[in-house]
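To keep things clear, I will list the structure first and then write my remarks on it.
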Amino acid sequence: MTHTIFTPRRLALAGLFAVSLAGFAPQAFSADSAAAAAASSAAHAQPRYLTLYPGVYSPHEQALVQKYFEANRALLARGPIDVKKLVAGTLPADTPGLGPVIKVTEEWVRYNNAKYDPENPLHNDRDYARKAGYADIMAFPTFGAHDDTFMVPYPPAARDKLLVSELNHSVTSYKPIYPGDTLYLVANEREVIDLTPASGATHRSLAIQTKGSIYNQHGDKVNDVIFRVTENIRVLADDNDRPANPGFPDIWEAPDWLKRPAHFYTDKDWSFIRTVWAKEKRRGAEPLYWEDVKVGEQPAWTVDGPIQASVAPVPPWGMGAGGSRSMKREMMDPVLFKSMVRGAKDGIWRLSERTAYVPAVPAAPDGKENPMLQEGAINTTDIHKDGVKRSPLVNYMGRDLAIRHITNWMGDRGWLQNIRWTIMDPRAFNAYGMKVPANPRAEHFLDQVPSMRGKYVSEHGLTEDVALVKSQITSKYVLDGQFMADLVWWIETVDGKVWLEGAATVKLPSRQAQ
């Protein structure tokens, strides 16, 4: 195994995929044609894909990979960013690691807050937020923490097939993000670990980890981020087999996540969902003191869904566009419930107008639909298109639903210091017949919960799933005079399949500090 740290010359959208589509089925072979059989046999006399070795690059890769490594080394050599020059806009344009600048518009903040946490006045009521000691309503703490901005991939033009596994991320929050803020995204360090076996394999497996920071217009650091991904790439043995303009189906490999049958929601399921909603508790202004937290306790569950549309990535804001809101209010109100219609094929209650539960998307904060993509990359919105068929859920949609769960528990005086999460566990790939290596930098969390030991993210979240968020407090401690609690959280379907796991660190008020 090789272990080398690399960095980008400039930050561009990576074209890595936050979730994957179903695998594409190979074309059927016709045994009736002897000529076709002979041609196929001749074509496969030599391997279709090269055997790749760690640190040894094919002619197709060499020049591109050299530039990638040089860019990564330049980031390491840069050292800490000059924050004063960053926010003044006076850094040279070719400064390694410079990312997009984000204007945080009130419209975009309110759109996402209302979709994910409509009952929380800290996110939706300016007067309430100011009385609680904040300057304005707060954006979600992950606003601007856009994974594909930081996860600059192995050069897209250097590979012919791409299999993405084990997305594994972390966001640490220091300051609130408000409407009107300007955010500056900066990569600080990129590490690439070549996991390809020394004996060679047709997949080159690369664990890529990028660390970065986000600053506001005052030069305050609002977030530190860590984004991890494992890329498994293949290179064609014959250059003549390479399409001139490869599209998504030409390059993408993935398990057939969609083979998991859609759930039919029975009256019993809806009774369970309503019971969870009835027991949800948003603490609000009532303080949760650190002294009252007990290790092993389980905060009240929350549930959202069934999810009717996935969020689609909108580079580089870190909060996706689209996606459906919860039907909790309508389902729990006898009068509003009368306006809902139940689907005969899935048992899901919906409002008659789709726009009522898939809110209209406001204009992007900078007016652009999509910033430029790195040459050869794939626009990740292709993966999450909203349509008649089920589609995969973007990883951070579940994360943001988990944030509601956590803020319900910690109340207005708590602070979500860190949230981390992971999807597409290598064990799930193995269960779907695709072997991928484990990322040595990845974090997994469920074994910290006795009742969940041995469990992992076995499925991909899909539309028509619910997000049943559960958690357990795993530790509490004092760090640098701050009173902290850690919890592990995970998201299940209504029938108990885990599709996201994570952890969080929360700062709480203490009676000792009164």
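The values are calculated or read from the model by the stated rules, or taken from the named source; none is laboratory data. These numbers were taken from a predicted model, which means no experiment stands behind them. With ideal geometry, Cβ positions are generated from the backbone for all residues, glycine too; neighbour counts draw on all protein chains shown.
In region 442-457, the residues that are touching a residue at least 24 places away in the same chain (Cβ under 8 Å) and crowded, with 17+ Cβ neighbours inside 10 Å form Cβ pairs under 7 Å with partners that are in a loop (DSSP other than H, G, I, E, B) and of a type in the set (Ser, Thr, Tyr), at six or more places apart or across chains, as follows: His444/Tyr456; Leu446/Tyr456. Of all positions in region 299-320, none carries a residue that is out of contact with any Asp or Glu (no Cβ under 9 Å at 6 or more places or on another chain), modelled with pLDDT of 95 or more and surrounded by fewer than 16 Cβ atoms within 10 Å (Cβ to Cβ). Does Thr474 meet the test of being β-branched (Val, Ile, Thr), touching a residue at least 12 places away in the same chain (Cβ under 8 Å), assigned to a strand (DSSP E or B) and more than 20 Å from Glu297 (Cβ to Cβ)? It is false that Thr474 is β-branched (Val, Ile, Thr), touching a residue at least 12 places away in the same chain (Cβ under 8 Å), assigned to a strand (DSSP E or B) and more than 20 Å from Glu297 (Cβ to Cβ). Taken together, the criteria place Thr275 among residues that are more than 27 Å from Glu107 (Cα to Cα), without any contact (Cβ under 8 Å) to a residue 12 or more places away in the chain and surrounded by fewer than 23 Cβ atoms within 10 Å (Cβ to Cβ).
Scanning region 76-114 for residues that are buried (at least 16 other Cβ atoms within 10 Å of the Cβ) and part of a loop (DSSP other than H, G, I, E, B) returns Ile81, Leu91, Thr95, Pro96, Gly97, Val104, Thr105. Inside region 263-283, residues that are part of a loop (DSSP other than H, G, I, E, B) and either basic (Lys, Arg) or modelled with pLDDT under 95 (or both) make up a count of 3. Just one of (1) assigned to a loop (DSSP other than H, G, I, E, B); (2) crowded, with 19+ Cβ neighbours inside 10 Å fails for Ala428. It is (1). Return the residues of region 188-227 that are of a type in the set (Lys, Arg) and farther than 18 Å from Arg73 by Cα; say none if nothing qualifies. Once the filter is applied, which keeps residues that are of a type in the set (Lys, Arg) and farther than 18 Å from Arg73 by Cα, region 188-227 yields Arg204, Lys221. You will find that of His169, His123, the residue that is free of Cβ contacts under 8 Å to residues at least 40 places away in the same chain and either under 30 Å from Lys435 (Cβ atoms) or touching a helix residue (DSSP H, G or I) at 6+ places or on another chain (Cβ under 8 Å) (or both) is His123 and no other. Taking region 425-449 as the range and being among the acidic types (Asp, Glu) and over 12 Å from Pro255 (Cα atoms) as the test, the residues that pass are Glu443, Asp447.
In summary, Gly367 fulfils each of the numbered conditions (1) at pLDDT below 90; (2) within 30 Å of Leu185 (Cβ to Cβ); (3) under 22 Å from the mean Cα position of the chain (by Cα); (4) part of a loop (DSSP other than H, G, I, E, B) with the single exception of condition (3).
Leu64: farther than 30 Å from Thr422 by Cβ, at pLDDT 95 or above, outside any strand (DSSP E or B) and of a type in the set (A, V, I, L, M), yes or no? Against the criterion (farther than 30 Å from Thr422 by Cβ, at pLDDT 95 or above, outside any strand (DSSP E or B) and of a type in the set (A, V, I, L, M)), Leu64 does not qualify.
Checking each residue in region 307-327 for being out of contact with any Lys or Arg (no Cβ under 9 Å at 6 or more places or on another chain) and either assigned to a helix (DSSP H, G or I) or under 16 Å from Trp277 (Cα atoms) (or both) picks out only Ile307. Quickly run through region 477-504 and pick out the residues that are over 18 Å from the mean Cα position of the chain (by Cα) and part of a strand (DSSP E or B). Selection gives Tyr477, Val478, Leu479, Gln482, Phe483, Met484, Ala485, Asp486, Leu487. The numbered conditions (1) buried (at least 19 other Cβ atoms within 10 Å of the Cβ); (2) assigned to a loop (DSSP other than H, G, I, E, B); (3) touching a helix residue (DSSP H, G or I) at 6+ places or on another chain (Cβ under 9 Å) are all true for Asp465 except (3).
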